[in-house]
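**Q** Take this structure first; my questions come after.
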Amino acid sequence: PPEEIEPDISSWTSRIHPEDRDRVVAGIRAVIDGQGQFWSDHYRFRHRDGRYLEVLDRGYVTRDAAGKPVRMIGAVQDLSERISAEKAVIHSRDLMRYIIEHNRSAVAVHDRDLRYLYVSQRYLEDYRIEEKDVIGRHHYDVFPDLPQRWRDVHQKALAGIISSAEDDPF
């Protein structure tokens, strides 16, 4: 019964971050009370050393033949490293975007399909690109008159071949 499960919950809930605690307890309480079969939640949980971990908690309540709660079964997965890595990637991407967009040089970065990922304001100005929102657009849609010889150079570059043409106006 819920009153038998409660002591385990109270010691465990004291380690949930105070800002997450009410939400997490309410979600698990709903499953204990029969309002769902499973719980799944992402929250901060205090480690023995005092720091908070980002965790994913999933579980269910087993019931007896009468439907009364008997036991909680679940697993808690530490997501801290993954979330930290994701934040680092987002920070790096945002920093790169900022540096490129505000660079005093004409800089454009494309993906392997020649779609714009980043572009500096100087690039837009130097190449007289009227539509300023080119991110995601294909390079040849922005420059439809690009000669075939340069399209060939782009394909070679994508294959890892280094080329140069200092005298070509393109």
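**Q** Return yes when Arg97 is in contact (Cβ under 8 Å) with a residue 12 or more places away in the chain, part of a strand (DSSP E or B) and open to solvent by 60 Å² or more (accessible area, probe 1.4 Å) and no when it is not. Write out each step before concluding.
**A** Working: in contact (Cβ under 8 Å) with a residue 12 or more places away in the chain: yes; part of a strand (DSSP E or B): no; open to solvent by 60 Å² or more (accessible area, probe 1.4 Å): yes.
No; evaluated as a whole, the condition is false for this residue.
**Q** Would you call Ser92 surrounded by 15 or more Cβ atoms within 10 Å (Cβ to Cβ), closer than 30 Å to Arg51 by Cβ and modelled with pLDDT of 90 or more?
**A** Numbers: surrounded by 15 or more Cβ atoms within 10 Å (Cβ to Cβ): no; closer than 30 Å to Arg51 by Cβ: yes; modelled with pLDDT of 90 or more: yes.
No, not satisfied.
**Q** I'm checking my understanding of the structure. Among residues of region 27-70 that are of a type in the set (Asp, Glu) and over 23 Å from the mean Cα position of the chain (by Cα), which one is nearest to Ile83 (Cα to Cα)? Before the answer, list the steps.
**A** From region 27-70, those of a type in the set (Asp, Glu) are 33, 41, 49, 54, 57, 64; that's our starting set.
Right, trim to over 23 Å from the mean Cα position of the chain (by Cα) and you get 33, 49, 64.
Numbers: Asp33: 32, Asp49: 19, Asp64: 38 Å.
Result: Asp49.
**Q** Pick out the one residue from Ala30, Ala75 that is part of a helix (DSSP H, G or I), small (Gly, Ala, Ser) and more than 30 Å from Tyr127 (Cβ to Cβ). Outline the logic, then answer.
**A** On the way: Ala75 fails: part of a helix (DSSP H, G or I).
Being part of a helix (DSSP H, G or I), small (Gly, Ala, Ser) and more than 30 Å from Tyr127 (Cβ to Cβ) holds for just one of Ala30, Ala75, which is Ala30.
**Q** If I ask for residues that are at pLDDT 90 or above, touching a Lys or Arg at 6+ places or on another chain (Cβ under 8 Å) and farther than 17 Å from Gln77 by Cα, which ones from region 1-33 would you list?
**A** Across region 1-33, the qualifying residue is only Glu19.
**Q** For the structure I just gave you, tell me whether Tyr123 is within 24 Å of the chain's Cα centre (by Cα), in a helix (DSSP H, G or I) and surrounded by 11 or more Cβ atoms within 10 Å (Cβ to Cβ). Spell out how you get there, then give the answer.
**A** Details: within 24 Å of the chain's Cα centre (by Cα): no; in a helix (DSSP H, G or I): yes; surrounded by 11 or more Cβ atoms within 10 Å (Cβ to Cβ): yes.
No; evaluated as a whole, the condition is false for this residue.
**Q** Might you let me know whether region 102-117 holds any residue that is in contact with an Asp or Glu (Cβ under 8 Å, 6 or more places away or on another chain), under 22 Å from His42 (Cα atoms) and in a loop (DSSP other than H, G, I, E, B)?
**A** We begin by selecting, within region 102-117, every residue in contact with an Asp or Glu (Cβ under 8 Å, 6 or more places away or on another chain); these are 106, 117.
From what is left, the residues that are under 22 Å from His42 (Cα atoms) are none.
Scanning region 102-117 turns up no residue that is in contact with an Asp or Glu (Cβ under 8 Å, 6 or more places away or on another chain), under 22 Å from His42 (Cα atoms) and in a loop (DSSP other than H, G, I, E, B).
**Q** So how many residues does region 51-68 have that are part of a loop (DSSP other than H, G, I, E, B) and either at pLDDT 90 or above or open to solvent by 90 Å² or more (accessible area, probe 1.4 Å) (or both)? Spell out how you get there, then give the answer.
**A** Quick first cut of region 51-68, residues part of a loop (DSSP other than H, G, I, E, B) only: 51, 64-68.
Keeping just the survivors that are either at pLDDT 90 or above or open to solvent by 90 Å² or more (accessible area, probe 1.4 Å) (or both) gives 51, 64-66, 68.
Residues that pass the stated criteria total 5.
**Q** Okay, next question. Do any residues in region 101-114 that are at pLDDT 90 or above have Cβ atoms under 8 Å from those of residues that are open to solvent by 60 Å² or more (accessible area, probe 1.4 Å) and of a type in the set (A, V, I, L, M), where the two are at least six apart or on different chains, and which pairs are they?
**A** Val109/Leu117; His110/Leu117; Asp111/Leu117
**Q** Looking at (1) under 22 Å from Ile99 (Cβ atoms); (2) open to solvent by 50 Å² or more (accessible area, probe 1.4 Å), which is the one condition that is false for Glu166?
**A** Glu166 satisfies every listed condition except (1).
**Q** Can you tell me which residue among Arg115, Arg149, Arg128, Arg71 is open to solvent by 90 Å² or more (accessible area, probe 1.4 Å) and at positive phi? Spell out the reasoning first.
**A** Working: Arg115 fails: at positive phi; Arg149 fails: at positive phi; Arg71 fails: at positive phi.
Being open to solvent by 90 Å² or more (accessible area, probe 1.4 Å) and at positive phi holds for just one of Arg115, Arg149, Arg128, Arg71, which is Arg128.
The values are calculated or read from the model by the stated rules, or taken from the named source; none is laboratory data. Please read all numbers here as calculations on a predicted model, not as lab measurements. All Cβ positions, even for glycine, are placed from backbone atoms using ideal geometry, and neighbour counts span all protein chains on display. The protein model used for the area step is the full one, side chains on, heavy atoms only, and it has no ligands, DNA or RNA in it. Shrake-Rupley method; radii C 1.70, N 1.55, O 1.52, S 1.80 Å.
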